[in-house]
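This report refers to the structure that appears directly beneath it.
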């Protein structure tokens with residue numbers, strides 16, 4: 001299932017993970033199952049979810065397209081089903097678009113905002129609406145290190161992730177003392193399908209290896225930090241340092257430096 005060193009104990013006894021068919025979401029599912037946590041897996045690709053369920057066991061498959069209101073409602077209904085309580089909700093589904101803003105398809109950008117922002121907001125609300133009254137629950141929203149600065153040529157993605165980080169930090173404070181924990185997971189460059197979907201394959205050749213983290217490392221860090229009730233989770237020493245620097249670096253410098261990165 002996964003390496004023995006990745007096995008851990010978690011306080012949550014059930015979980016739901018969106019975007020579970022690959023990358024960080026799949027890695028989280030494997031880590032949760034290694035810890036004997038039952039998982040509801042959500043994605044559009046039923047075949048991949050079925051394969052994951054057959055491989056790991058203890059999995060409930062829920063097919064949903066989070067770019068649609070109907071798909072979002074299906075997942076929200078499952079989260080709020082009090083007869084089958086979900087203790088950890090992981091909003092991991094999302095995608096990006098690389099290129100000059102004016103040249104990108106507006107429909108794709110609208111879908112990006114719908115999945116990264118609207119769906120995450122709806123599912124976060126569904127989660128807290130049942131977790132707060134029962135005074136127990138964990139919400140992990142997958143954001144990005146890109147949320148801490150502008151990202152020319154990846155503008156909408158970075159903007160949506162800035163929303164995710166801000167929302168999650170706000171909710172973390174709102175539910176303080178309620179028994180519910182909210183965490184924003186902010187990984188840096190991670191080797192997943194994101195690069196092919198967002199047309200950023202150039203990253204892998206142009207950016208040194210020490211900047212890259214694995215999906216399992218990101219997943220393990222995120223699950224450990226939400227279990228500890230941390231507001232922010234930043235995997236990797238490099239990105240912890242860069243995130244700290246972004247807080248004190250002038251915005252003009254951040255914009256120019258970010259604009260020099262290859263995003264195609």
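The values are calculated or read from the model by the stated rules, or taken from the named source; none is laboratory data. Source: prediction; values computed, not measured. Here the Cβ positions follow ideal geometry from the backbone for every residue, glycine too, while neighbour counts run over all protein chains shown.
Key figures
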| item | result |
| --- | --- |
| Residue match in the stretch 96-103 (condition: touching a strand residue (DSSP E or B) at 6+ places or on another chain (Cβ under 8 Å) and at negative phi) | no |
| Unmet criterion (only one of (1) under 17 Å from residue 41 (Cα atoms); (2) touching a residue at least 40 places away in the same chain (Cβ under 8 Å); (3) surrounded by 20 or more Cβ atoms within 10 Å (Cβ to Cβ)) for residue 59 | (2) |
| Hey, residue 92 crowded, with 19+ Cβ neighbours inside 10 Å, at pLDDT 95 or above and out of contact with any strand residue (DSSP E or B) (no Cβ under 7 Å at 6 or more places or on another chain) or not | no |
| Residue that is surrounded by the fewest Cβ atoms within 10 Å (Cβ to Cβ), among those in the stretch 218-245 that are modelled with pLDDT under 95 and within 30 Å of residue 178 (Cβ to Cβ) | 244 |
| Failed item in (1) buried (at least 19 other Cβ atoms within 10 Å of the Cβ); (2) part of a strand (DSSP E or B); (3) free of Cβ contacts under 8 Å to residues at least 40 places away in the same chain, with residue 52 passing the rest | (2) |
| Any chance residue 177 is surrounded by fewer than 22 Cβ atoms within 10 Å (Cβ to Cβ), at pLDDT 95 or above and out of contact with any strand residue (DSSP E or B) (no Cβ under 9 Å at 6 or more places or on another chain) | yes |
| Enumeration of residues in the stretch 95-127 that are crowded, with 16+ Cβ neighbours inside 10 Å, part of a helix (DSSP H, G or I) and over 16 Å from the mean Cα position of the chain (by Cα) | 109, 111, 126 |
| Selection status of residue 76, assigned to a loop (DSSP other than H, G, I, E, B) and touching a helix residue (DSSP H, G or I) at 6+ places or on another chain (Cβ under 7 Å) | no |
| Failed criterion for residue 20 (all others in (1) part of a loop (DSSP other than H, G, I, E, B); (2) farther than 23 Å from residue 166 by Cβ; (3) over 15 Å from the mean Cα position of the chain (by Cα) hold) | (3) |
| Hits in the stretch 1-17 - residues which are at pLDDT 95 or above, in contact with a helix residue (DSSP H, G or I) (Cβ under 7 Å, 6 or more places away or on another chain) and either in a helix (DSSP H, G or I) or surrounded by fewer than 16 Cβ atoms within 10 Å (Cβ to Cβ) (or both) | 11 |
| Looking only at the stretch 134-174, and only at residues there that are out of contact with any helix residue (DSSP H, G or I) (no Cβ under 6 Å at 6 or more places or on another chain) and not in a helix (DSSP H, G or I), the one that is surrounded by the fewest Cβ atoms within 10 Å (Cβ to Cβ) | 135 |
| Any hit, the stretch 27-44, residues being in contact with a helix residue (DSSP H, G or I) (Cβ under 7 Å, 6 or more places away or on another chain) and surrounded by fewer than 16 Cβ atoms within 10 Å (Cβ to Cβ) | no |
